[in-house]
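Asker: Sending over a structure as structure tokens; questions will come in a sec.
The values are calculated or read from the model by the stated rules, or taken from the named source; none is laboratory data. Quick caveat, the model's predicted, so the values are computed rather than measured. Here Cβ is always computed from backbone atoms with ideal geometry, including for glycine, and neighbour counts include all displayed protein chains. SASA here: full protein model, heavy atoms, side chains in, ligands and nucleic acids out. Shrake-Rupley method; radii C 1.70, N 1.55, O 1.52, S 1.80 Å.
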Amino acid sequence: QVQLVESGGGLVQPGGSLRLSCAASGSISAIYSMAWYRQAPEKERELVAVTTSGGSTNYADSVKGRFTISRDNAKNTVYLQMNNLKPEDTAVYYCYANLLIGTYWGQGTQVTVSS
């Protein structure tokens with residue numbers, strides 16, 4: 001069994017920063033990619049950023065230049081550094097892992113951007 005545990009969400013003012021973390025544990029054999037998704041109220045879940053085992057990254061247009069995804073392979077952990085946050089970034093952020101043995105989701109962490 002694989003678990004993804006997220007942390008780092010919270011309330012921040014517009015223009016502020018947050019750093020999300022997602023640690024994978026359990027029977028991990030190989031990680032193909034890890035990603036962050038988000039879901040705002042009454043909206044569909046959307047991809048925010050993804051990083052592959054080869055080190056490539058990709059971002060949603062709405063967060064390019066503001067968010068950075070990174071990975072610590074030794075710790076099986078993925079991070080999302082979020083800068084210059086906007087009210088429209090408010091959502092539940094989910095970690096996603098595409099592993100050799102299957103795909104997994106974290107439980108989600110709330111990010112609220114408000115003054």
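Asker: Looking only at strands (runs of 3 or more DSSP E) that fall completely inside segment 1-56, which ones have 3 or more residues that are in contact (Cβ under 8 Å) with a residue 60 or more places away in the chain?
Answerer: Details: elements: 2-7, 10-12, 18-26, 31-39, 46-52.
Those strands (runs of 3 or more DSSP E) span 2-7, 10-12, 18-26, 31-39.
Asker: Conditions: (1) in contact with a strand residue (DSSP E or B) (Cβ under 6 Å, 6 or more places away or on another chain); (2) closer than 21 Å to GLN1 by Cβ; (3) open to solvent by 40 Å² or more (accessible area, probe 1.4 Å); (4) at pLDDT below 95. THR52 meets all but one. Number of the miss?
Answerer: Of (1) in contact with a strand residue (DSSP E or B) (Cβ under 6 Å, 6 or more places away or on another chain); (2) closer than 21 Å to GLN1 by Cβ; (3) open to solvent by 40 Å² or more (accessible area, probe 1.4 Å); (4) at pLDDT below 95, only one is false for THR52: (2).
Asker: Follow-up. Might you check whether a residue that is touching a helix residue (DSSP H, G or I) at 6+ places or on another chain (Cβ under 8 Å) and either open to solvent by 60 Å² or more (accessible area, probe 1.4 Å) or at positive phi (or both) occurs anywhere in segment 36-44?
Answerer: There is no residue in segment 36-44 that is touching a helix residue (DSSP H, G or I) at 6+ places or on another chain (Cβ under 8 Å) and either open to solvent by 60 Å² or more (accessible area, probe 1.4 Å) or at positive phi (or both).
Asker: Taking the condition of being at pLDDT 85 or above and among the hydroxyl-bearing types (Ser, Thr, Tyr), how many residues in segment 22-37 meet it?
Answerer: Of the residues in that region, 4 qualify.
Asker: Let me ask you something else. Name, by its number, the condition in (1) among the hydrophobic types (A, V, I, L, M, F, W, C); (2) buried (at least 21 other Cβ atoms within 10 Å of the Cβ); (3) over 13 Å from the mean Cα position of the chain (by Cα) that does not hold for MET82.
Answerer: (3)
Asker: Here is a further query. Checking the condition hydrophobic (A, V, I, L, M, F, W, C) and over 17 Å from LEU4 (Cα atoms), which residue from ALA97, ALA60 passes?
Answerer: Working: ALA97 fails: over 17 Å from LEU4 (Cα atoms).
That would be ALA60, the only listed residue that is hydrophobic (A, V, I, L, M, F, W, C) and over 17 Å from LEU4 (Cα atoms).
Asker: List the number of the failed condition for ALA24; all other conditions in (1) within 20 Å of THR109 (Cα to Cα); (2) surrounded by fewer than 18 Cβ atoms within 10 Å (Cβ to Cβ) hold.
Answerer: Every listed condition holds for ALA24 apart from (2).
Asker: When segment 96-115 is examined, which residues are found to be of a type in the set (A, V, I, L, M, F, W, C) and open to solvent by less than 80 Å² (accessible area, probe 1.4 Å)? Talk me through it step by step, then tell me what you get.
Answerer: Just the residues of segment 96-115 that are of a type in the set (A, V, I, L, M, F, W, C), to begin with: 97, 99-101, 105, 111, 113.
If the condition is that a residue be of a type in the set (A, V, I, L, M, F, W, C) and open to solvent by less than 80 Å² (accessible area, probe 1.4 Å), then ALA97, LEU99, VAL111, VAL113 are the ones that fit.
Asker: So, ILE69, is that one open to solvent by less than 60 Å² (accessible area, probe 1.4 Å) and either out of contact with any strand residue (DSSP E or B) (no Cβ under 8 Å at 6 or more places or on another chain) or on the phi < 0 side of the Ramachandran plot (or both) or not? Even if it seems obvious, please write down each step before you answer.
Answerer: Numbers: open to solvent by less than 60 Å² (accessible area, probe 1.4 Å): yes; either out of contact with any strand residue (DSSP E or B) (no Cβ under 8 Å at 6 or more places or on another chain) or on the phi < 0 side of the Ramachandran plot (or both): yes.
Yes, satisfied.
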